[in-house]
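Read through the structure below, which is laid out as structure tokens, and then see the notes.
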Amino acid sequence: MRAIIHHEFGDPAEVLAVEDVATPQPGAGEVRVRTLLSPIHNHDLWTIRGTYGFKPELPAQAGTEAVGVVDALGEGVTTLQLGQRVATGGTFGVWAEFFTAKAASLIPVPDSLSDEVASQLVSMPFSAISLLDTLALGEGDWLIQNAANGAVGRLVAQLAVARGIKVVGLVRRSAGVDELKAQGIDNIVATDVEGWKDTVAEITNGAPISVGVDSVGGQASGDIVSLLAENGRLVVFGAMDAPTMEIGSGPVIFKSISVVGFWGSKVMGAMDAAKRGALLGELVTRIGEGVLTLPVEKTYSFDDARTAAAANFAPGRSGKILLRP
């Protein structure tokens with residue numbers, strides 16, 4: 001089969017290649033899945049760079065989320081059927097024509113969801129709803145987040161509205177305000193405009209902001225901390241701009257700000273099946289209601305993987321970059 005491979009860690013736009021590798025065979029309790037579509041996530045590219053929490057042995061395949069069709073059943077598998085459409089959000093090496101996974105880890109996809117939506121169902125949406133759920137915010141509470149035009153930022157905003165939670169979103173470009181408004185997401189503030197913190201205060205009408213979500217790092221971390229209320233929490237979700245957070249000691253000391261991390265894979269791994277099922281059910285419901293949208297910017301073939309990786313970080317991108325075998 002054909003698979004996307006890298007023989008060294010580095011810029012995905014330079015190290016990715018398509019090669020012929022052995023087609024995997026499912027073991028006991030596993031199934032083989034024929035890949036239909038797979039999204040590119042930031043953590044996929046960080047893994048290829050060698051800078052993520054997981055570092056595979058080289059040469060390595062890539063990709064972690066996909067929708068596909070069950071192609072072969074391993075011994076003892078009775079819960080899935082040949083030809084059934086399934087999704088995965090935590091199977092390494094899905095940027096290939098086929099991949100194997102534990103049958104219990106795969107999610108059957110309802111007919112109501114398109115391949116484009118199903119391919120994105122687990123990783124980012126589930127991270128967003130898990131994040132929102134762990135924050136334990138009540139109806140009417142305020143949350144502030146940066147990278148509001150990123151995949152998780154958009155999803156958090158949409159899911160929060162359905163739960164009655166109020167969100168202020170920060171973007172680094174003024175154009176991002178209109179881009180998100182076109183998707184029905186309001187309360188967006190551009191940090192490249194002078195006096196943007198005053199705009200945040202106007203939006204909240206001075207109400208306390210108890211939680212901030214930081215996906216950027218660097219000075220952006222300190223900006224969010226400066227807007228948090230007494231006993232506020234900064235939840236670190238990512239570090240798109242810098243691996244080091246610039247946070248003054250004053251707000252942390254005098255406002256008793258706490259800083260915690262959030263890693264979706266770890267949270268999902270520790271979550272019991274009932275909770276996981278309830279949150280996934282909420283996601284499917286919100287998609288059906290039109291509350292949650294999972295737009296696609298462009299779909300590339302495996303042969304154009306390098307171009308697709310570069311496109312992932314293009315300014316103004318309004319949807320996911322997908323790969324197709």
- On a 0 to 90 degree scale, rounded to 10, what angle separates helix 123-135 from the longest Cα axis of the chain? 40 degrees
- Quick one: angle between helix 273-289 and the longest Cα principal axis of the chain, in degrees between 0 and 90, rounded to 10, please. 80 degrees
- Specify which residue in the list Thr204, Ile247, Gly29 is farthest towards the positive end of the charge dipole of the chain, using unit charges on the beta carbon of Lys, Arg (+1) and Asp, Glu (-1), about the Cα centre. Gly29
- Query: How long is the gain from Ala274 to Ala207 if the chain were fully straight, where each residue apart is worth 0.36 nm and the alpha carbon distance is subtracted?
  - Reply: 20.6 nm
- Message: Check which residues have an amide H placed less than 5 Å from Lys320's amide H, if you skip close sequence neighbours.
- Response: Val296, Glu297
- Kindly provide the helix-only [θ] at 222 nm of the chain, computed as the sum of -39,500 (n - 2.57) over DSSP H runs of four or more divided by all residues, to the nearest 500 deg cm²/dmol? -9000 deg cm²/dmol
- Highest mean packing first, using Cβ neighbours within 10 angstrom, the peptides 247-254, 2-9 sort as 2-9, 247-254
- Task: Give the cross-link partners of Lys55 among the aspartates and glutamates, using a straight C-alpha distance below 16 Å as the criterion and excluding same-chain residues fewer than 8 apart.
- Result: Glu8, Asp11, Asp44
- Query: Mind checking which lysines have their C-alpha under 18 Å from Lys298, skipping anything on the same chain fewer than 8 residues away?
  - Reply: Lys320
- Item | Label-point separation in nm, Ala162 to Glu139, each point 7 Å along Cα→Cβ | 1.7 nm
- Item | Built amide H within the under 5 Å cut-off of Val167, gap 5+ | Leu143
- Between rounded, prolate and oblate, where does region 44-168 land on the alpha carbon gyration tensor, with a ≥ b ≥ c its root eigenvalues, rounded for a/c under 1.5, else prolate if a/b exceeds b/c? oblate
- Query: Taking Lys255 as the anchor, which aspartates and glutamates have their alpha carbon closer than 19 Å to its alpha carbon, excluding any fewer than eight residues away along the same chain?
  - Reply: Asp141, Asp214, Asp223, Glu230, Glu246
- Sorted by packing (mean other beta-carbon atoms within 10 Å per residue), highest first, where do 73-79, 112-118 land? 112-118, 73-79
- Task: Would you mind getting me the FRET efficiency between Tyr52 and Thr244? Use the beta-carbon distance for r and R0 = 22 Å, nearest 0.05.
- Result: 0.85
- Take the Cα coordinates of the chain, assign each an equal point scatterer, and use the Debye formula without solvent to give log10 I(q)/I(0) at q = 0.10 Å⁻¹. -0.59
- By DSSP, what percent of the beta bridges with both residues in the chain are antiparallel, rounded to the nearest 5? 50 percent
- Query: Hey, what do the phi angles of region 65-79 turn into as Karplus ³J(HN,Hα) couplings, whole Hz, using 6.51/-1.76/1.60 and θ = phi - 60°, x for Gly and Pro?
  - Reply: 10, 6, 10, x, 10, 4, 10, 7, 10, x, 4, x, 7, 10, 8
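Readers should treat all values here as calculations from the given coordinates under stated rules, not as data from a laboratory. All figures in this text were calculated on a predicted structure; none of them were measured in a lab. Glycine gets a Cβ as well: all are built from the backbone with ideal geometry, and neighbour counts include every protein chain shown.
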